[in-house]
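A.B. asks: I have a structure I would like to understand better, so I am pasting it below and will then ask my questions one at a time.
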Amino acid sequence: MSSAHLDRFTGANLPPRDQWPDFPGLDALGYPARLNCAVELLDRNLASRADHIAIQSPAETLTYAQLAERVNRIANVLVHRMWLVPGNRVLLRGPNSAWMVAAYFAVLKAGGVVVASMPLLRAKELSQMLDRARISHALCDARLADEMHRAEPEPAYSALWGNGQLEAMCAQQSPHFTACDTAADDVCLLGFTSGTTGVPKATMHFHRDMLAICDAYSARVLQPGRDDVFIGSPPLAFTFGLGGLVLFPFRVGATATLLEKASPDELLPAIARYRATICFTAPTAYRAMAAKVGEHDIACLRKCVSAGEALPLPIFEAWHAATSIALMDGIGATEMLHIFIGAPQGRIRAGATGIPVPGYEARVIGGAGHECPRGTPGRLAVRGPTGCRYLDDARQAAYVQDGWNITGDTYIQDADGYFWYQARSDDMIVSSGYNIAGPEVEAALLAHPAVRECAVIGTPDPERGMLVTAHVVLHEGHRAGPEMTQALQDFVKATVAPYKYPRLIHFPDQLPRTETGKLQRFVLRHEGR
Ligand code: 3UK
């Protein structure tokens, strides 16, 4: 297999072969040795879907033919004006928009390697990415250029869209571009993990991986059709958003709806306005939207995917009560590119994450690496057509053990084969010898009408080792204080084993979250309460 990369940086920085995961389920997907995922995902639609809407957004609507033309023009700019050679890393920075997607596919089609940055990242974090990934090129939304210009080392070539610069360069280029003849296992994406501590890790994904998530999770679990209209909130720099908002719709010639702003208050009216049928967002957004569904006509909606964090049962139930839709929970990871455990409509069990996506295998293992008996908690191990390859990082050996990807989550597999999330393995609370999973206590608290959001962590305690401590954000009109604390404690004791109740309860105004919507438990732990 010969790489098309002239710049050999990514190939040279793959982990040693003996540290790669196994890839069962890959051969069955039948990919050829050479493929460019931009051709398969975008250009393949030109034969029968040229005039179908590929992207709709507040700013503009593009058919597949119009999008393909913009992609070709940008690819020509990259190659003929910015001297991109295959294998170069290109920073992409912008809110979810048609220009962002066009730039993304232009890099892929030209054989470059995409490095997408979350819109809110600051110069310091961008500098780490520029350095770690040896980024030579940048395409950026003009509104987000300031932080990029402050970051170092400055890419040799950069261009902005939104202020007419890239637009003018594109106008001078041909609307035709011949795709780079990349190998199926050429790296095309460096996905930085939303890591909590330490230097961020860069996960390396191949052209074939971009198709594999479409042909595994999307085709077998989500099962979209060409008339579906996708919508959602995750940034395209988060692979949850990339897959759910762009790759999955494009693989079937459907429509992507891209919103620059997609808080729950904006997403709900957008679902109605764009007649969306499939929604991707985080559990907390479904909870916030469930309360306001009555104000909007969202009868168009058919399927809703929840990922990024555990989906507490009360949120599943609230969304079902409001819409009659069974939320599709799914666990994914940047290392795996997308979701590897979930359940198709009709096989969903409320409260469980689901069963392995066809092509993937999952099991729960103990300390020594042996499979745990069904019904007992242990570490989640998975393998399938996609898997973890960190760029030059010693942490590879911790994530991949014996060919299995170890996600860092504690799970229970039940007698029927369903997987039930317990906690991040680091977040298990050990109090007086009991193992307590914070999310279980959170689910119990969320069922109380006064609770808007909550986080349960362990805080050090001389007697019990750790104390179950809850941080609870109350709905408006409810008062914090000893009475509320007592009421919540009694409420939890009535629904889960009493030893799990939160002995300490704090009432902050909000909880710390990452840009991908994840609760930052470590921030609460380090607040030293
Ligand atoms: C946690 C979940 C319980 C879990 C992601 C879908 O979240 C994604 O990737 P990240 O690298 O984080 C991975 C970790 O997040 N998690 C994600 N989904 C669930 N925990 N239930 C869930 N449904 O700890 C996992 O190890 O940011 C999700 C698709 C692509 C993604 N990158």
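A.B. asks: Can you show me the helix-derived [θ] at 222 nm for the chain, built from DSSP H runs with n ≥ 4 at -39,500 (n - 2.57) apiece and divided by the number of residues, rounded to the nearest 500.
C.D. replies: Values: 17 runs with 134 residues, N = 529.
Result for the chain: -6500 deg cm²/dmol, rounded to the nearest 500.
A.B. asks: Beyond 25 Å between alpha-carbons counts as too far, so tell me which of Lys201/Lys261; Lys303/Lys493; Lys261/Lys518; Lys109/Lys303; Lys261/Lys292 fall in that bin. Mind dumping the intermediate values first?
C.D. replies: Details: Lys201/Lys261 27 Å; Lys303/Lys493 34 Å; Lys261/Lys518 18 Å; Lys109/Lys303 31 Å; Lys261/Lys292 18 Å.
Pairs exceeding the cut-off: Lys201/Lys261; Lys303/Lys493; Lys109/Lys303.
A.B. asks: Given the whole protein assembly as supplied and a 1.4 Å probe, what does the accessible area of Glu60 come to in Å², nearest 10?
C.D. replies: Answer for Glu60: close to 50 Å² accessible.
A.B. asks: Work out the P(r) tail for the chain: percent of alpha carbon pairs separated by more than 32 Å, whole number.
C.D. replies: Details: 59864 of 139656 pairs.
For the chain, the fraction of Cα-Cα distances above 32 Å is 43 percent.
A.B. asks: Using DSSP to call loops (not H, G, I, E or B), can you name the trypsin sites (Lys or Arg not before Pro) in segment 65-126 whose Cβ has at most 15 other Cβ atoms within 10 angstrom? Before the final figure, lay out each step's value.
C.D. replies: Values: sites: Arg70, Arg73, Arg81, Arg89, Arg93, Lys109, Arg122, Lys124; in loops: Arg122.
Passing both the DSSP loop test and the Cβ count: Arg122.
A.B. asks: Please work out the Cα center distance from segment 115-184 to segment 200-275, rounded to the nearest Å.
C.D. replies: Cα centroid of segment 115-184 versus Cα centroid of segment 200-275: 22 Å apart.
A.B. asks: Taking only protein heavy atoms and a 1.4 Å probe, what accessible area per residue, in Å², does the chain have with all protein chains in place?
C.D. replies: Numbers: 20860 Å² over 529 residues.
I get 39 Å² per residue for this part.
A.B. asks: Quick check: from the Cα gyration tensor, does segment 25-90 come out rounded (a/c under 1.5), prolate or oblate?
C.D. replies: Values: a/c = 2.25, a/b = 1.09, b/c = 2.06.
Because a/c hits 1.5 or more and a/b fails to exceed b/c, segment 25-90 counts as oblate.
A.B. asks: Could you pull the accessible area for Thr459 with a 1.4 Å probe, rounded to 10 Å²?
C.D. replies: Surface open to solvent at Thr459 totals about 10 Å².
A.B. asks: Could you please state how large a percent of the accessible area of segment 432-527 is carbon and sulfur, counting protein chains only and using a 1.4 Å probe?
C.D. replies: Working: 2400 of 4820 Å².
After summing per-atom areas, the C and S share lands at 50 percent.
A.B. asks: Let me ask something additional. Cross-link candidates for Lys124: which aspartates and glutamates have Cα within less than 17 Å, leaving aside residues fewer than 8 places away along the same chain?
C.D. replies: Within the straight-line cut-off, Lys124 pairs with Asp146, Glu147, Glu152, Glu154, Glu515.
A.B. asks: Let me ask something else about it. Please identify the trypsin sites (Lys or Arg not before Pro) of segment 335-400 that satisfy two criteria: DSSP loop assignment and at most 10 other Cβ atoms within 10 Å. Which are they?
C.D. replies: Numbers: sites: Arg347, Arg349, Arg363, Arg374, Arg379, Arg383, Arg389, Arg395; in loops: Arg347, Arg349, Arg374, Arg389, Arg395.
Qualifying residues, ordered by number: none.
A.B. asks: Can you tell me the Rg and Dmax of segment 343-384, counting just the alpha carbons, in angstroms?
C.D. replies: Spelled out, the Cα radius of gyration and Dmax of segment 343-384 are 11.8, 36 Å.
A.B. asks: For segment 1-78, which whole-number percentage of the solvent-accessible area (1.4 Å probe, protein heavy atoms only) is attributable to carbon and sulfur atoms? Could the numbers behind the result be given before it?
C.D. replies: Values: 1880 of 3730 Å².
Summing carbon and sulfur atoms, their accessible area is 50 percent of the total for segment 1-78.
A.B. asks: Here is a further query. Just to check, using Stokes-Einstein with a Kirkwood Rh over alpha carbon pairs, what's the diffusion coefficient of segment 184-251 at 10 °C and 1.306 mPa s in µm²/s? Kindly include the intermediate steps, with their values, before the conclusion.
C.D. replies: Working: Rh = 13.1 Å.
Rounded to a whole number, D works out at 121 µm²/s.
A.B. asks: Compute the long axis of helix 264-273 from its Cα atoms, compare it with the longest principal axis of the Cα atoms of the chain, and write down the angle in degrees, 0 to 90, nearest 10.
C.D. replies: Its long axis makes an angle of about 60 degrees.
A.B. asks: Taking Rh as the Kirkwood radius, which is the inverse of the mean 1/r over Cα pairs, what is the Rg/Rh value for segment 173-317? Don't jump to the answer; show the numbers that get you there.
C.D. replies: Numbers: Rg = 16.9 Å, Rh = 16.8 Å.
So for segment 173-317, dividing Rg by the Kirkwood Rh gives 1.01.
A.B. asks: Grab the alpha carbons of segment 432-527, take their convex hull, and tell me the volume per residue in Å³. Don't skip to the end; give the middle numbers.
C.D. replies: Values: hull volume 10.0 nm³, N = 96.
Measuring per residue, one finds 104 Å³ for the Cα hull of segment 432-527.
A.B. asks: Once you list every other residue whose beta carbon is under 15 Å from the beta carbon of Asp7, what net charge do they have if Lys and Arg are +1 and Asp and Glu are -1? Let's see the in-between values first.
C.D. replies: On the way: positive: Arg8, Arg89, Arg134; negative: Asp186.
Local charge sum for Asp7: +2.
A.B. asks: Considering only segment 23-360, what is the antiparallel percent among its DSSP beta bridges, to the nearest 5?
C.D. replies: Working: 14 of 42 bridges.
So the antiparallel bridges in segment 23-360 amount to around 35 percent.
A.B. asks: How large a share of the accessible area of segment 307-409, in percent, is made up of carbon and sulfur atoms when the probe is 1.4 Å and the other protein chains stay in place?
C.D. replies: Carbon with sulfur: 51 percent of the solvent-accessible area.
The values are calculated or read from the model by the stated rules, or taken from the named source; none is laboratory data. All values derive from a computational prediction rather than experimental measurement. Positions of Cβ are generated from backbone atoms using ideal geometry, with glycine treated the same way; all protein chains shown enter the neighbour counts. Each accessible area value is taken on the protein alone, full model and side chains, heavy atoms only, with ligands, DNA and RNA left out. Shrake-Rupley method; radii C 1.70, N 1.55, O 1.52, S 1.80 Å.
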